[in-house]
Structure formats: structure tokens, C-alpha cells
Amino acid sequence: MKNFILLVFSSVLYLTASAQSELTTVSYQKTDRQAVMNEIPFPEKTIMGAIDNKMEQMGYKGKSSKGFTVYKGVKMPDLGNGEYDLYFTADRKSRRNKDNSTLTLMISKGNDDFATDKTDAGLMDNAKKYLNNIVEDITAFDLELQINDQQDLLTKADKKYNDLIDDGQSLEKKRKGIEKDIEDNKKDQEKQQAEIEKQKLILETLKTKRKQ
């Protein structure tokens, strides 16, 4: 168990160190917007699930908008002192590479006033640092998913084992019942054989009374 925890911790450190965010441009509402992008070594479903889970813990609920999940009025010290609208989207890096995704983040200061490195250099720099470190949250979320999946497998295996025990007890009762039925059947056969011999004797006795 200790080795497993060290392995997970080492993996987090490696993934965090290797993840480097950069500026990019995306199209949103038919307008090019500046955003921050990072390659994350997880499927897009896991990434968005981790983000949604973290945001819900902070009290924010996301809404879908033009391919992005948007969280309105977010207060996050990692980004700055203001309230921001965060636009997240994750896409599989390639068809063959389903376990690696590109995570993109746009930040608006409200009313579609999107941040850029020219107007909000500090904010965009913080956004890059945020995406560099977000791998830790995603790794922890993925671990919880694996734990939950393993717990489900264990629960199913335990239920199957208990079902087999119940079936075994039922079969044992049937076996004992069948063995009793077989024993009773043997006794009935013996009784019936004795009855046959008795009736044969009576028949032979009657035959001897025929007139010669």
C-alpha cells in the first residue's frame, strides 16, 4: 500500500512537471479569442469530470455553451482577486491517442470581456500556472474513479460469492432430499418385491385347487 501511494505521488509530480501551458487562439461565437491551452495525459471525459467536481465543491455549476462548459462569477485566488467567467473545453488529441487531451481555458471578466495577454498579462500568466497545476486535481479525481470502480467490482464479486453460497446451501438441501428419496425408493422397491412374491404364492396356491 505504501509503495502504491508513493507511485501515485511520483506520477503526480511527473505529470505536473511535464505539463506546460501556452497561449492559443480559439473560435467562440464566430470570433477569435485568446485562450490558454495545455496537453493533459487523460481522456477528455475524465478531465471535464475533474473540473466539474472541483467547481461544484467550490459552489459553482457549469453550463454548456458552444462546445465549452462555462462557470460564471468564479472567485479563484489562483487566478486573481476578481470574479471571472471560466470557459473550459477538452478535446482528444487524436483518434488513436484517446488517453491524451488538449484542455483549453478562456477567461472573461464578465459581459464577454475576454482576457488577453495584452490587456491582462498577469491574469493570463496565472491561468497558465493554473493549467500547469490542474493535473494534480485530475490525477486525484481519476484515482477516486478507479477506487470507485474497484469498489464496484469488489461488491459484485462479493455478491456473486454470497449467491454461490446460497445456491450451494440450496443444492445441499436438494441433495439430501434426493438421497432420502432414493433411500425411500429402495425401501418401497423391497416392499413391492415382497408384495409380488406374496401375490405369486397366492396365485400358485389357487392354481393347485383346480380340478385335475
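Cβ-Cβ distance of E22 and Q57, R₀ of 30 Å, FRET efficiency by 1/(1 + (r/R0)^6): the value works out to about 0.60. What is the local net charge at M37, summed over the other residues whose Cβ is closer than 15 Å to its Cβ (Lys, Arg +1; Asp, Glu -1)? Summing Lys and Arg as +1 and Asp and Glu as -1 gives -2. The charge dipole of the chain, taken about its Cα centre with unit charges on the Cβ of Lys, Arg, Asp and Glu (plus for the first two, minus for the last two), comes to roughly 1680 debye. For I40, nonlocal amide neighbours, meaning residues 5 or more places apart or on other chains whose placed amide H falls under 5 Å from its own, are S101, T102, L103.
Computed over the chain, the per-residue total of -39500 (n - 2.57) for DSSP H runs of n ≥ 4 gives a 222 nm mean residue ellipticity of -21000 deg cm²/dmol, rounded to 500.
Can you give the relative contact order of segment 40-141 as a percent, counting alpha carbon pairs under 8 Å and 6+ residues apart?
28 percent.
The HN-Hα couplings worked out from phi for segment 94-99 by the Karplus form 6.51 cos²θ - 1.76 cosθ + 1.60 (θ = phi - 60°) are 7, 4, 7, 9, 7, 9 Hz, whole numbers, x standing for Gly and Pro. Roughly speaking, what is the centre-to-centre gap between segment 140-212 and segment 35-110 when only Cα atoms are used, to the nearest Å? Cα centroid to Cα centroid, the span is 62 Å. Helix 2-18 axis versus longest C-alpha principal axis of the chain: approximately 30°, rounded to the nearest ten.
To the nearest ten degrees, helix 44-58 and the longest principal axis of the Cα atoms of the chain are 70 degrees apart. Annotation for segment 122-212: trypsin sites (Lys or Arg not before Pro) lying in DSSP loop with at most 13 further Cβ atoms inside 10 Å of their Cβ are K209, R210, K211. GNM on the chain, alpha-carbon springs under 10 angstrom: the most fluctuating residue among I134, I178, I47 is I178. Using C-alpha pairs below 8 Å separated by at least 6 residues, the relative contact order for the chain is 20 percent. Pairs with C-alpha atoms separated by more than 30 Å, drawn from the list K30/K109; K159/K186; K61/K128, are K159/K186.
Amide H contacts of V74 (H built 1.01 Å from N, in plane; Pro and chain starts excluded): Y84, D85, L86 sit under 5 Å, all sequence-distant by 5 or more or on other chains. Counting charges near Q20 (Lys, Arg +1; Asp, Glu -1) among other residues having Cβ under 12 Å from its Cβ returns a value of 0. A Förster radius of 30 Å, combined with the Cβ-Cβ distance separating S65 from K129, puts the computed FRET efficiency at roughly 0.75. The phi-based Karplus calculation (6.51 cos²θ - 1.76 cosθ + 1.60; θ = phi - 60°) puts the 3J(HN,Hα) values of segment 176-193 at 5, x, 5, 4, 5, 4, 5, 5, 5, 5, 4, 5, 5, 5, 5, 5, 5, 5 Hz, whole numbers, x for Gly and Pro.
Between the amide H of G80 and any residue lying 5 or more places away or on another chain, no distance stays under 5 Å, with hydrogens modeled in the peptide plane.
Along segment 77-89 the Karplus relation, 6.51 cos²θ - 1.76 cosθ + 1.60 evaluated at θ = phi - 60°, assigns HN-Hα couplings of x, 4, 9, x, 8, x, 9, 10, 9, 9, 10, 10, 8 Hz to successive residues, with x for each Gly and Pro.
Computed from the coordinates by the stated procedures, all read-outs in this text should not be read as laboratory data. Please read these numbers as outputs of a predicted model, since none were measured by experiment. For neighbour counting, all protein chains shown are included, and Cβ atoms are generated from backbone atoms with ideal geometry for every residue, glycine included.
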